[in-house]
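Peer 1: I am attaching a structure below and will ask some questions about it afterwards.
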Amino acid sequence: MTHDEIAQHADKIDAYEALVQFLYRAPIGLVQAGLDGTVDMLNPMSSSLLMPLARDGSLDNLFTVLQDVAPQLRELAASFAEPSGVVCEGLRLPLGDAATPGGPQVLSLSVLKLDGTRLMATVTDATAEMLREQERLARRLKSQARTDALTRMPNREALLEQLQQMLARPAGETSSGFALLFLNCDRFRQINDAHGQAVGDRLLVQVGERIRAALRPPSDRIDLAAGSGQLAARTGADEFAVVLDGMRRREDAERVAARLLDALAKPHQLPGQDITCRLSMGLVWSDDAGGLAGEMLRDASIAMVEAKRAGGARCVVFETAMRERAARRADIEADLRLALADDQLFVVYQPVVGFAPAGTVDHAAGVEALVRWRHPVRGIVPPIDFIQVAEESGLIGALGDFVLRRSCRDFAAWQRELGPGAPRLIAVNLSRAQLGQADLPATVAAVLREVGMQPQQLQLEVTESLAAQDQQVQERLHELKALGIRLALDDFGTGYSSLSSLHLLPVDTVKIDRSFVCQADTSNHHRVLIEATVKVAQSLGMNTVAEGIETEAQARVVRELHCAKGQGYLFSRPLPSGDLLDWLAATAAPSSAAAA
Ligand code: C2E
Ligand code: CA
Ligand code: CA
């Protein structure tokens, strides 16, 4: 060997040494083993990583060491036919109970077949990687948990979080305020029932899109620091919310609300039909909000309910006095639930008399059923105090059912008891929500069958504002009419419909509102209106009833104007069934037949 050759040889040995040193100290576990797993060589990193798995403290065989965490490995290697190649790569081995506290939790293993006799395995600590992945997953889950699946809008949680951050901004940091709008679709349940849930879902998606489109972009971001931006969210089934940041005055927010309502009033094009879905809205201005996001949202929903009570399709600005009203309504609702289950409701009957020829009065013409509530603490609660609550809470179905059944049953009992002397007609009031129920005609038919009544003995009363309202109500009225029952237009003169549209409604009877009747004898104007109503009704073959007659003078006037029937305290207040029978018996006596 020459000097040079010796030097070269020494260099090679150095390089080899360096390589061995490198492999020896590498921060990655390296193992060389036979095809049966017998370990030939391993660096310190691999023994430290694998040792927790070595049950008897021996690292002689790779497969044995990994038996618990990768039982498939021995088989995998044995069946690897190729002379060389990747047997497995990046296999995750959770150490589970074997992990030492503070040590690796998960290993990553790759096995390479070097040639016909040798395997090379690399082992690394994958704990940090796993934690990063878990974090990513958690973040994704969190963002999913904050997104509404149907509309892809932020959901209630996301909205509340954003609101809370805005409420927590130090006062005076921005000179402007912000507003929360809470929107709820009017009559969404009916739309869903009538067109099916798939159409309902599409409608909600479109409503969400329209809300976003009506806002100035961005509609999905609030810049907390800059105090600007807007966020539209879906907070519940048919509920949406919008946060408007950076508003100088409340009036500015109200303008945006009006713009939103405008945009939402247009019909939605859905497969097969256009559907109009109006929304009611409550607005809370930041100055009127407390410190809690949940409370601000609740206040906005209280204002929204007020918007619905006022007829819907409008925006109402929250005022603190509304909280008390809402609480009272909530009390009534809770109590009413009990009342229905606890027999606290009952029905009274007010006679409706016929104006017979020659000034006589037909006392058995009919009665109107009026519901009453005997509240254990409040005493007798009048219907105006609870009918609307019943409508809003969905209790009206049960309440209406109860009144219908009870009054028809009582009516049938009077027929059995009095025969021809019994009232010939029973009038039952229907509320808005009842007319929305698709099964109402079927229910009415079933009740008539149950008690053995003729359909023409039942009159259902709807208020004129209701009857004029929409297509669906009209259809329901026609279905009821088809059963053969009578329909009356209640409180005529107080709503929107006029004499000229009377012919459009499938009603038999017009009930002239008390507000006209009570001035019949004192105001010429009201007298003329009553006269005109009677004439138009007669020309359409409809009957008229004057409501709320309290004096002889009023009775005389409506009679002169050819009203067919009358009802009011002059004849009788509403009476419990037993008292009604007494009243009928007393008025049937010949001496009183010519009264009034
Ligand atoms: P309505 O259908 O117009 O009923 C007539 C109302 O006028 C009744 O009030 C009756 O007691 C009252 N009234 C009758 N004659 C006179 C009178 O000479 N003077 C005065 N000042 N009032 C008179 P009530 O029982 O308080 O019912 C109020 C409203 O509540 C009813 O108005 C009706 O819209 C609704 N309602 C009552 N019962 C029911 C029910 O079972 N279901 C539904 N949906 N609504 C009902
Ligand atoms: Ca009525
Ligand atoms: Ca009425």
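Peer 1: State the Cα centre-to-centre distance between the range 152-170 and the range 396-432 in whole Å.
Peer 2: First find each Cα centre; the distance between them is then 52 Å.
Peer 1: By how many degrees, 0 to 90 and rounded to 10, does the Cα axis of helix 250-265 deviate from the longest principal axis of the chain?
Peer 2: 80 degrees
Peer 1: A follow-up question, please. What net charge is computed for the residues neighbouring G34, neighbours being all others with C-beta under 13 Å from the C-beta of G34, Lys and Arg scored +1, Asp and Glu -1?
Peer 2: Summing Lys and Arg as +1 and Asp and Glu as -1 gives -1.
Peer 1: Taking the Cβ of A321 as the center, what net charge do the other residues with Cβ under 12 Å away carry, scoring Lys and Arg +1 and Asp and Glu -1?
Peer 2: -2
Peer 1: Something else about it: Please turn the phi angles of the range 335-351 into ³J(HN,Hα) values with the Karplus equation 6.51 cos²θ - 1.76 cosθ + 1.60 (θ = phi - 60°), one per residue in order, whole Hz, x for glycine and proline.
Peer 2: Each residue of the range 335-351 in turn: 5, 5, 4, 5, 4, 5, 7, 10, 6, 7, 8, 8, 10, 10, 10, 9, x Hz.
Peer 1: Per DSSP H run of n ≥ 4, the term is -39500 (n - 2.57); total these for the chain, divide by its residue number, and report the mean residue ellipticity at 222 nm rounded to 500 deg cm²/dmol.
Peer 2: Dividing the helical sum by the residues of the chain leaves -13500 deg cm²/dmol.
Peer 1: Could I ask something else about it? Per residue Cα convex hull volume for the chain, in cubic angstrom?
Peer 2: Value for the chain: 291 Å³ per residue.
Peer 1: Each residue of the range 153-165 in order: what ³J(HN,Hα) in whole Hz does its phi give by Karplus 6.51 cos²θ - 1.76 cosθ + 1.60, θ = phi - 60°, with x for Gly and Pro?
Peer 2: 8, x, 9, 4, 4, 4, 5, 4, 5, 4, 4, 4, 5
Peer 1: Still on this structure: Through the Karplus equation 6.51 cos²θ - 1.76 cosθ + 1.60, θ set to phi - 60°, convert the phi angles of the range 282-290 into ³J(HN,Hα) values in whole Hz; use x for Gly and Pro.
Peer 2: Values per residue, Gly and Pro as x: x, 10, 10, 8, 4, 5, 8, 8, x Hz.
Peer 1: What angle do you read, to the nearest 10 degrees and between 0 and 90, between the alpha-carbon axis of helix 396-418 and the longest principal axis of the chain?
Peer 2: The angle comes out near 30 degrees.
Peer 1: Which GluC sites (Glu not before Pro) does the range 103-205 hold that lie in a coil by DSSP with at most 15 other beta carbons within 10 Å?
Peer 2: Qualifying residues, ordered by number: E173.
Peer 1: For the range 148-318, what number results from the quotient of the Cα radius of gyration and 2.2 N^0.38 Å?
Peer 2: 1.00
Peer 1: Now a separate question. What net charge do the residues around P52 carry, taking every other residue with its C-beta under 15 Å from that of P52, with Lys and Arg at +1 and Asp and Glu at -1?
Peer 2: -3
Peer 1: For the range 329-590, what size does the Cα cloud have along each of its three principal axes, sorted from largest down, in whole Å?
Peer 2: The Cα atoms of the range 329-590 stretch 48, 45, 36 Å along the principal axes, largest first.
Peer 1: For D521, which sequence-distant residues (separation of 5 or more, or a different chain) have an amide H within less than 5 Å of its own amide H, given hydrogens modelled in the peptide plane?
Peer 2: Answer set, sorted by chain and number: none.
Peer 1: Using the Kirkwood formula over every pair of different C-alpha atoms, what hydrodynamic radius in Å results for the range 3-129?
Peer 2: That comes to 15.6 Å for the range 3-129.
Bear in mind these aren't lab numbers, they're just calculated from the coordinates by the rules spelled out. These numbers were taken from a predicted model, which means no experiment stands behind them. With ideal geometry, Cβ positions are generated from the backbone for all residues, glycine too; neighbour counts draw on all protein chains shown.
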